[in-house]
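Notes follow once the structure below has been shown.
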Amino acid sequence: MKRPKRSNEPTPRSSTGDSSNSAEAADDSTSARERSGQGTPAPFAARWSGFLAMVLASVSLYLASPGIDLWPFALVAMLPLAWLVGLERLPGPRAYLKLWLASWLGYVLLLNYLKGAHIGAAIGWPILAAYLAVYPVLFVGATRVAVHRFRCPPWLAAGIVWMGCEWIRSTLFTGFAMALLAHSVYRVPILLQVSDIAGGYGVSLLLAMWGFLIGNLFGIGLVVRPGAGPAGVSWRARAVEATVLAVSIALVVGYGISRLGVEPTARSLNVAVVQGNIDAKFPDTEEEAQAYWQGIEDQYRTGTLLVRERAPDTELVIWPESKLAVPDVFVPEDAEIDPATARGIEDAHVALEAYLVHAYGVWGYDELRQFDPYAGEDTRSYLDRFRAFIDTRDARLIPLLAGCVSQNAEDSSVYNAAVLIGEDRRVLQRYHKNHLVMFGETIPFGESLPWLYSWAPFQSGLRSGRAGVGMRVGELTLLPSICFESTVPHLLRRQCRDLAAEGQNVDVLVNVSDDSWFHGAFGLDQHLACNVFRAVELRKPMIVAANGGLSVITDGKGRIIVEAPRSEEAQVVGAVRAEALSSPYLNWIGDWPASLAGLVTVALLLVGRLRRREDIANTEAPAANV
């Protein structure tokens, strides 16, 4: 007959996941005893070993990040995390706070390019780092719950939870999807191809899973189970892990080889990107503003003239974000405007066309001064007279896609825009940026509290567009995005699908950006990595026109065909060809695997939190900590 346990007997400890019903209670019990002076405090190294492990992981992630490009360190980063997950109890008091501090230091390093962008970005730099630092801590906590409570294999739990954490931070609070784990391999095309199945999140899942598998094979992060042999290690489990690692790598590489071997279609477009190198700023005086915009005009006029001279077969010229110095003034369809407003719009259109004629080197300002706005028939408008004057002098242009400011003449609202201008110098289509940069282009409650914009680059805020715009040039349909919109995977996917539903199948992605804010630092590389992944996920070639760099042309497989140097004036010339491959991620799957992983992650965190409260209330002696 089993002897009942007396109330003063200690609860036995177990090396299994079953003993983890007292999750987190051990950390709290240990912390309380050390604060009250009861018991012997652990040595300094033991108490801070978790912090040091997270520092090692953070440094490894930094070394693997775009710009440094030592991508194998993405796998190395998983080893200290696997060790943390495999521990029966996290070391020292306030263990998770120490993990967060170490993670914060890593993100401060990873995002250091923000400090020189703008005073608002400099203030937000450590705050954003503090927010992002939460996710590695949540990863450790949720993975420990999956492993110790639910006995999930560590490598499987790690892949799912890492994917879930990345999806959450890419969608929550408008999302921040830069510097994902997958981005470490953006220059390794053979590993990228699976992102047309589950997006970049799927590549992150694989890297996290592989890192944990490698760690477990070398004895890092092992969780001891009963009946697992004299050392608590199941050799059968190790064999399974080795098999999973080898087979998954073989499948990914095989899939990559098969996708890379498919030729694109014959439909193509000859494009030329003009990259200037004028640091973005907001001049304080009229004289500074005039000099600033004159410098932009000179650089982009020179670059465009070089394109016309060296690549006469170019079918489209592309300028980066906001580098068309004259605003695009428009009136919504069916809007009623007074005569004075109509004349102002004509003036704006004349100014835009005159600017383009000069920028393309067709006419100089001296020639343009020949135009007499009062010459000609009285029945012809000012704008029509100007067009008649220019057309007699063969002023047809190579079509231009350029970033600019767009203003609604009806209500004076301002947009960050990309416009397609035809060879007759008229704006054919315009796209208004959908996804504005928080605390840069828009501020929560900014319309009610306009003084908040005194801290932002744009002193009155910008309006956002509502949909993507398919721009037809030659045989291809282009989908423009502006600045960090290309870092948001679900945005471009939704725009492609919406246009396809309207009968416009997107062939090419175009991103116009001004990354000179980062002064040549690694922010350029992190943005480029996002652009490469959008190309593979959606199976569309990507053209990037970035002031200050990095301007590129990629194919629909994420291979960079032409790349301009950073922080230099350059012209990127090449042909883009529509991709023959289709994308399961675009057409069917989307983000549902990542969103499901996100829900699983949230559920694990809730279970861990609830059980922790129960254990703190009910457990009298320390037990295994999750």
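The values are calculated or read from the model by the stated rules, or taken from the named source; none is laboratory data. Here the structure is a predicted model, which means the values were calculated and not measured. Positions of Cβ are generated from backbone atoms using ideal geometry, with glycine treated the same way; all protein chains shown enter the neighbour counts. Calculation scope for accessible area: heavy atoms of the full protein, side chains included, ligands and nucleic acids excluded. Shrake-Rupley method; radii C 1.70, N 1.55, O 1.52, S 1.80 Å.
Computed from label points 7 Å out along Cα-Cβ, the spacing between residue 301 and residue 188 is 4.8 nm.
Tell me the relative contact order for region 251-388 as a rounded percent, counting alpha carbon contacts under 8 Å between residues six or more apart. It would help to have the intermediate numbers written out before the result.
Working: 91 pairs, mean separation 31.1, N = 138.
With pairs under 8 Å counted, the relative contact order is 23 percent.
Rolling a 1.4 Å probe over the heavy atoms of the protein chains gives region 127-282 an accessible area of 37 Å² per residue. Rolled with a 1.4 Å probe across the full set of protein chains, the surface gives residue 184 an accessible area near 10 Å².
Ligands, DNA and RNA left out, the 1.4 Å accessible surface of region 268-400 is 47% carbon and sulfur atoms.
Each residue of region 327-336 was assigned a 3J(HN,Hα) from its phi angle through the Karplus expression (A = 6.51, B = -1.76, C = 1.60, θ = phi - 60°), giving x, 8, 9, 9, 10, x, 4, 6, 7, 9 Hz with x at Gly and Pro.
Remark: for residue pairs 323/540; 115/323; 433/540; 281/433; 115/433; 98/281, the C-alpha separation exceeds 28 Å in 98/281. Within the accessible area of region 488-545, the carbon and sulfur atoms contribute 46%, probe 1.4 Å, all protein chains present. If you take the beta carbon distance between residue 240 and residue 494 as r and set R0 to 41 Å, what does 1/(1 + (r/R0)^6) give as a FRET efficiency, to the nearest 0.05? Calculated transfer efficiency: 0.55.
Peptides 396-404, 46-54, 545-553 ordered by packing proxy, namely the average of other Cβ atoms within 10 Å per residue, highest first: 545-553, 396-404, 46-54.
Want the number for residue 255 to residue 313: 0.36 nm per residue separation, take away the alpha-carbon distance, what's left? Don't skip to the answer; put the middle values down first.
Numbers: separation 58, 0.36 × 58 = 20.88 nm, distance 3.63 nm.
Roughly 17.2 nm would be gained on extension.
What GluC sites (Glu not before Pro) in region 501-593 are in a loop by DSSP, with at most 13 other Cβ atoms within 10 Å of the Cβ? Sparse-neighbourhood loop GluC sites (Glu not before Pro): 502, 568. When each of the peptides 79-86, 514-521, 348-355 is scored by how many other beta carbons lie within 10 Å of its residues on average, the order from highest to lowest is 79-86, 514-521, 348-355.
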